[in-house]
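What follows draws every value from the coordinates through simple rules; no lab data is involved. Bear in mind the structure is a predicted one, so any value in this text is a computation, not a measurement. In this analysis, Cβ positions are derived from the backbone assuming ideal geometry, glycine residues included, and neighbour counts consider all displayed protein chains.
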Amino acid sequence: MSRTIYVAFLEGFNPSWGENLPARLTEWVPGPIEPLSSLALGMDPYYAPERGQYNATLVLARLLRYLPEPQAKIVGLTNVDLFIPVLTFVFGQAQLEGPGALVSTYRLRNEFYGLPPDAGLLRDRTIKEVVHELGHTFGLVHCRDYECVMHASTYVEEIDLKGPGFCSACRGGLHAATGTNATLGAGG
Amino acid sequence: MTKKRKILIVDDELSVRNSLREWFLEDGFDVATAEDGESALREMHGAGPFDVFVIDLKMPGMDGITLQKRVQEADKDAAIIILTAFASVDTAVEALKLGAFDYITKPVDPDDLSNAVRNALRQRELSEENIRLRDKVREMVLPSPIIGESSKMRGVMGLIDAVAETDATVVIRGESGTGKELIARAIHARSPRRFFPIVAVNCGSIPETLLQSELFGHEKGAFTGAQYRRKGKIELANGGTLFLDEIGDITPQMQIDLLRVLESKRFTRLGGTQEVTSDFRLVCATNQDLEKLVEEGSFREDLYYRVNVFTIDVPPLRERAEDIPLLARFFVEKYARSMSKPVKAISPAAESVLAEYEWPGNVRELENAIERALVIGCGELLEPGDLPLRVERRAEERAGRPSRSSLASLEERHIQRVLEECGGNITRAASALGIDRGTLYNKLKRYGIERPA
């Protein structure tokens, strides 16, 4: 049986397309997807003034406290800039084969690169990053297929190059991890 | 399925170790972490080898540069990326000069980190591929197949298969030129020790004092001229096979030394005090009657029992005449290829000359005869006229005028004549006779032949 995946919008994250996001995700990841509202998770404690960014590891650790059931998974979405100590930034973070993931839209926005805003592109990039991080929570590692959603992306153009779906090898890994054979959108 | 790559992250900061660990786990690596140089070296010996090392430059205790040196002492192909919070050109240059693959500054751009690791892995894969290709070339070049379909050679092959998998000591007996070393190499190639070297020593052709150094190695200053430490053949055979050819020729003192090593697998280099251990399998060969040597007292009985665990008798070529055409064709193909000659086959007349000859020098003599014939021959068929003269003459002698002389006296006269023709030059005479120098020395000793002045 598939475990429920809860999607949590963190402080300040409220895009126009956010409401439809859980429904869109069901196309690409297995299991019921539910929004998780009214999270009392303020971002201030995780701000690192010397870097002007938020510590993703600490936010994720806090997010896990809001997991409704132990066997469920949770993915948090935020619009602040995230980092992990050794890297200059991260698009997101996940626990490999664990329950939690976190995605930031801060560097997915066109405006960050001096380009005009594009809500559709931002939504597509966000979906890909959420599916990617959730893939890690199912135990999937980076894939060499550049069209597969599990392909590692260190810059935004790489995200645009890949699709939101898993390649056949990663889909196989996902089915093995979930014990289901749900029909999902393909990528790669 | 591709092999999972292993990475060791060494940094004194827990948060850095953890975040890099997560990052590389998601990248599909097998990740280990260490908080300082000492733990890194322990991890290396316990969970290694690692494909890539990410090492922090500034750590309490052993710093990154020292750790880099220690890692490279243990694994010269280690791909090392130096990580630091302090960008300093001097230390970067030092790390790179010492062989670090790359140098990156914390915090790292994810793309830079990915590229550095990807490139380091590529370098590591190239080093590994280089080693694999070298092994492949060695495999392609070294072992010659054992040719023969006679019942005697099938029996030998059966014995090789039976003994190869075991670790038993083997004595290979047979006349000179029957291919005893080839049999030893076949045993090694089919044994679990095949990934380690087979080290061959011809005990008959080396004077005792040199043989000691050859087998046991020596320390610097062990004797006049010993300017450097030298590893002996026994040490080099560690993990593999030691092949001692002409074991019947070693002196009583060497027999004692060898017996001691065989029993303990420990020895000291000449002029040294430190014990060296070597785990090797012994394969010996001889063309002498070891039992007779034991009876005469020139070969120690305890050493005889130590080495004579399993015996393989290699038949002389005259006792497996049906293999002569097969062997001849094999050598024709081999030398035609290496000399780029058009010779494709042996004429029936030449085949009958080869079949009639007695081949006292066995397969080595046959190989030598074919090689020389191919130097002379130009057509597509190898003809009797291409064969070395003495082969023809010998065949004629056998066909027309049977000699009453013993084989030994014929051999003695023949060696004397060839030696004279070569002006007493042992190397040239051995080559002309189709035997190695060690065997020629033995024969000169046996027949009491003096080298012409």
Length gained when the stretch B:ILE65-B:ILE449 is fully extended (0.36 nm per residue, less Cα-Cα span): 131.7 nm
Return the distance in nm (one decimal) between the two label points of a simple spin-label model at A:TYR155 and B:SER127, each offset 7 Å from Cα along Cα→Cβ. 2.9
With springs connecting C-alpha atoms under 10 Å apart, model chain A as a Gaussian network and identify which of A:ILE74, A:ILE84, A:ILE33 has the largest mean-square fluctuation. A:ILE84
In degrees, nearest 10, range 0 to 90: what is the angle between the Cα axis of helix B:110-141 and the longest Cα principal axis of chain B? 10
Using R₀ = 56 Å, calculate the FRET efficiency as 1/(1 + (r/R₀)^6) where r is the Cβ-Cβ separation of B:HIS414 and B:HIS45; round to 0.05. 0.40
In terms of the Cα gyration tensor, with a ≥ b ≥ c the square roots of its eigenvalues, is region B:406-453 rounded because a/c is under 1.5, prolate because a/b exceeds b/c, or oblate? rounded
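When Lys and Arg each count +1 and Asp and Glu each count -1, what net charge do the other residues less than 11 Å away from B:ASP302, Cβ to Cβ, add up to? Provide the component values of the computation, followed by the final result.
Details: positive: B:ARG260, B:ARG300, B:ARG306; negative: B:GLU263, B:GLU301.
Every neighbour counted, the sum reads +1.
To the nearest whole number, what is the average tally of beta carbon atoms from other chains within 10 Å of the beta carbons of peptide A:46-59? Spell out each step's value before the answer.
Details: counts 0, 0, 0, 0, 0, 1, 0, 1, 0, 2, 2, 4, 1, 0.
What the average comes to for A:46-59 is 1.
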For A:LEU96, net neighbour charge (Lys/Arg +1, Asp/Glu -1) across residues whose Cβ lies under 15 Å away: -3
Over region B:232-335, how many percent of alpha carbon pairs lie in each 5 Å bin up to the one with the longest distance? 2, 10, 17, 19, 14, 12, 9, 8, 6, 2, 1
For B:LYS152, which lysines qualify as cross-link partners when the Cα separation must be under 16 Å and same-chain residues fewer than eight apart are set aside? B:LYS180
CD proxy, 222 nm, the protein assembly as shown: helix-only mean residue ellipticity via -39,500 (n - 2.57) per DSSP H run with n ≥ 4, per residue, nearest 500, stands at -13000 deg cm²/dmol
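How about region A:114-168: which chymotrypsin sites (Phe, Trp or Tyr not before Pro) there lie in a loop by DSSP and see at most 15 other Cβ atoms within 10 Å? Numbers along the way, then the final one.
Details: sites: A:PHE138, A:TYR146, A:TYR155, A:PHE166; in loops: A:PHE138, A:TYR146, A:TYR155.
Passing both the DSSP loop test and the Cβ count: A:TYR146, A:TYR155.
Does region B:348-387 classify as rounded, prolate or oblate by the C-alpha gyration tensor (a ≥ b ≥ c root eigenvalues; a/c under 1.5 gives rounded; else a/b over b/c gives prolate, otherwise oblate)? Walk me through the intermediate numbers first.
Details: a/c = 2.93, a/b = 1.38, b/c = 2.12.
Oblate, because a/c is 1.5 or more while a/b does not exceed b/c.
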Considering only A:ASP124, A:ASP44, A:ASP145, give the residue with the highest GNM mean-square fluctuation for chain A, with springs between Cα atoms whenever their separation is below 10 Å. A:ASP44
So what J values fall out for region B:333-344 if you push phi through Karplus, 6.51 cos²θ - 1.76 cosθ + 1.60 with θ = phi - 60°, rounded to Hz, Gly and Pro as x? 4, 4, 7, 4, 5, 6, 9, 6, 9, x, 4, 10
Sorted by chain and number, the residues with a modelled amide H under 5 Å from that of B:ILE198, at a separation of 5 or more or across chains, are B:THR241
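Kindly work out what percent of the DSSP beta bridges joining two residues of the protein assembly as shown are antiparallel, to the nearest 5. Please report the intermediate quantities before stating the final value.
Numbers: 11 of 67 bridges.
Antiparallel: roughly 15 percent of the beta bridges in the protein assembly as shown.
So for region B:132-279, averaging the separation of alpha carbon pairs under 8 Å that are six or more residues apart and normalising by length, what relative contact order in percent results?
So the answer I get is 21 percent.
First measure r as the distance between the Cβ atoms of B:LYS97 and A:LEU64, then evaluate 1/(1 + (r/R0)^6) with R0 = 35 Å and state the FRET efficiency to the nearest 0.05.
0.15
Just counting partner chain Cβ atoms within 10 Å, what average do the residues of peptide A:78-85 show around their Cβ?
Details: counts 0, 0, 0, 0, 0, 2, 9, 11.
The per-residue average across the peptide is 3.
What net charge do the residues around B:LYS220 carry, taking every other residue with its C-beta under 9 Å from that of B:LYS220, with Lys and Arg at +1 and Asp and Glu at -1? Show your work: numbers first, answer last.
Values: positive: B:ARG229, B:ARG230; negative: B:GLU219.
That sum, taken over residues with Cβ under 9 Å, equals +1.
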R0 = 51 Å: FRET efficiency of A:ASP44 with B:PHE195, Cβ-based, nearest 0.05? 0.25
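Full extension from B:ARG337 to B:LEU407: what is 0.36 nm times the residue separation minus their Cα-Cα distance, to one decimal in nm?
21.7 nm
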Given the C-alpha centroids of region B:335-372 and region A:63-106, what is the distance between them in whole angstrom? 77
